[in-house]
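Below you'll find the structure, written out as C-alpha cells, and then a few comments.
The values are calculated or read from the model by the stated rules, or taken from the named source; none is laboratory data. Note that this is a predicted model, so its numbers are computed, not measured. Positions of Cβ are backbone-derived with ideal geometry, glycine not excepted, and every protein chain shown enters the neighbour counts. Accessible surface is based on the protein model in full, side chains and every heavy atom, while ligands, DNA and RNA are left aside. Shrake-Rupley method; radii C 1.70, N 1.55, O 1.52, S 1.80 Å.
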Amino acid sequence: MYKDNQLLDNHGRPMTYLRLAVTDRCNLRCSYCMPAEGIVYMPERELLTWAEMSRVVRVMHGMGINKVRITGGEPFVRNGLMDFLTEISALKGLEICLTSNGVLIGEYIDQLKSLGIRSVNLSLDALDRDRFKQITRRDDYEIVFQNLLRLVAEGFEVKINAVVMKGQNEQDILALAALTKDLPVSVRYIEEMPFNGSGLVEGTLFWNHERILKELKSVYPDMKSVLMRGGETANRYEIPGHLGDVGIIAAFSRTFCGTCNRVRLTAKGQVKTCLYDDGVFDLKAYLRKGISDEELRDVLLGLYQKRPLDGFEAEKNRKGVINESMTTIGG
C-alpha cells in the first residue's frame, strides 16, 4: 500500500525506518552474536556496493523512509563508509543514525559531526574489563568506554545497547543504570535472541523483560514509565535525579511488534520484513538486473503487502530453524 507518498504494510503500519547493514564483518566476537570461531564472511562481491545501497536509500526516502540506521557487523570495518554517509546525508529530511561497538569510531567523530549525524548506539554489555573481554573475546573495553565519554562530550545522543545474559553480565544491569545518573545516556537492556549462530541453548529465557525490570526496581522503586512513541521498541523509564534514562527491549518476547515501522536490508541485499524471518527477497540480484527506480519501488510495495503480523508469525513461516549470526542480518 502506498498513501500520500508513504509506504504502508498490509497491516496499515507506516514504514519510516530503514535498518541497513553495510557489512557482515566485525572486529569483536560477542558470544550472543556469533560462535567463538567466528563465521565465514561473505566475499566483497556478494555484498551490496555503496552505489547500490545509496540508490536504495534514495528510493526508499522517496517512499516515506525518514530515518536510516547504519549497522553491520561493525560499520567502521568496511572501507568507504564515510563517503557513503556523505552522499546520503545530502538527502533532505533524512535522519542518519549509527550502531557501533565503539572500538573504531573515535577517529571519525569529528567527521560525523560535520555531516550532522548526532545519534549513535554503542554496544556495551559490561562495565568491567574482564567481563567485557569474556563476552566480546577481545580486550578493548578501555577504548570503547573512552569513545563513549567523548561522544557524550561532543553532544551526541548516545544509547548504550546491553544484551542481558545469565551468568555473564547480570551484575552490569544495575551498574549501567547507575551510569545514567551523571551521564545523559540512554541504557537499553535487550533480551538475548537466538541469533548467535546456534540458537538459544535453553528453551526459556531467564533474563526476560519482566525480570530485568524487577531487578531495576529493586534499587530504583520510583522509576517512572515514559509513554512509548509509535515504532519504539524500548519500554523506557526515568529515574529521579538521573540525567539519562533506561529502557528494556523485549526482543525475544516480541511485545512491540504491533507498531513496528522497520525495513531491514542485510549486507548481502536480503530484504527482511521482520527480524525473525529468513529473508524474503534477494534485492541485490534484482538490482543487478538493471531495474528502474519505479520497478524497485514496486517490488518493495509488493513485499510489504505480505508482511507477517509479528515476530512469532515470521518465525513460524521460516523454512528452517534459526541458526544465523546477528552479524549477518544487521539486528
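At-a-glance table
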{"quantity": "Pairs where the first residue, in region 32-58, is β-branched (Val, Ile, Thr) and the second is at pLDDT below 85, C-beta under 6 Å, 6+ apart", "calculated": "39/325"}
{"quantity": "Those residues of region 235-246 which are surrounded by 19 or more Cβ atoms within 10 Å (Cβ to Cβ) and small (Gly, Ala, Ser), in sequence order", "calculated": "244"}
{"quantity": "Options 253, 198; residue that is open to solvent by 50 Å² or more (accessible area, probe 1.4 Å), modelled with pLDDT under 95 and under 21 Å from residue 33 (Cα atoms)", "calculated": "198"}
{"quantity": "Restricting region 262-296 to residues that are at pLDDT below 90 and assigned to a loop (DSSP other than H, G, I, E, B), the residue that is surrounded by the most Cβ atoms within 10 Å (Cβ to Cβ)", "calculated": "276"}
{"quantity": "Matching residues, region 45-80, being over 16 Å from residue 283 (Cα atoms) and either outside any loop (DSSP other than H, G, I, E, B) or open to solvent by 40 Å² or more (accessible area, probe 1.4 Å) (or both)", "calculated": "61, 62, 66, 67, 68, 69, 70, 71, 75, 76, 77, 79"}
{"quantity": "Number of the exception - residue 107 against (1) in contact with a Phe, Trp or Tyr (Cβ under 6 Å, 6 or more places away or on another chain); (2) free of Cβ contacts under 8 Å to residues at least 12 places away in the same chain", "calculated": "(1)"}
{"quantity": "Selection count, region 138-149, where residues are surrounded by 14 or more Cβ atoms within 10 Å (Cβ to Cβ) and farther than 21 Å from residue 174 by Cα", "calculated": "4"}
{"quantity": "Check on residue 48, in contact with a Gly (Cβ under 9 Å, 6 or more places away or on another chain) and farther than 16 Å from residue 160 by Cα", "calculated": "yes"}
{"quantity": "Members of region 1-23 that are open to solvent by less than 60 Å² (accessible area, probe 1.4 Å), in a loop (DSSP other than H, G, I, E, B) and either out of contact with any Lys or Arg (no Cβ under 7 Å at 6 or more places or on another chain) or among the basic types (Lys, Arg) (or both)", "calculated": "12, 13, 15"}
{"quantity": "Test: residue in region 95-103 that is more than 23 Å from residue 282 (Cβ to Cβ), of a type in the set (S, T, N, Q), touching a residue at least 60 places away in the same chain (Cβ under 8 Å) and in contact with a strand residue (DSSP E or B) (Cβ under 8 Å, 6 or more places away or on another chain)", "calculated": "yes"}
{"quantity": "In region 205-234, the residues that are in contact (Cβ under 8 Å) with a residue 24 or more places away in the chain, surrounded by fewer than 18 Cβ atoms within 10 Å (Cβ to Cβ) and assigned to a strand (DSSP E or B)", "calculated": "none"}
{"quantity": "Conditions (1) under 21 Å from the mean Cα position of the chain (by Cα); (2) closer than 22 Å to residue 58 by Cα; (3) modelled with pLDDT of 95 or more: number failed by residue 244", "calculated": "(2)"}
{"quantity": "Pair list, Cβ < 7 Å and 6+ apart or interchain, from region 303-317 residues that are surrounded by 15 or more Cβ atoms within 10 Å (Cβ to Cβ) to residues that are assigned to a helix (DSSP H, G or I)", "calculated": "308/314; 310/257; 311/257"}
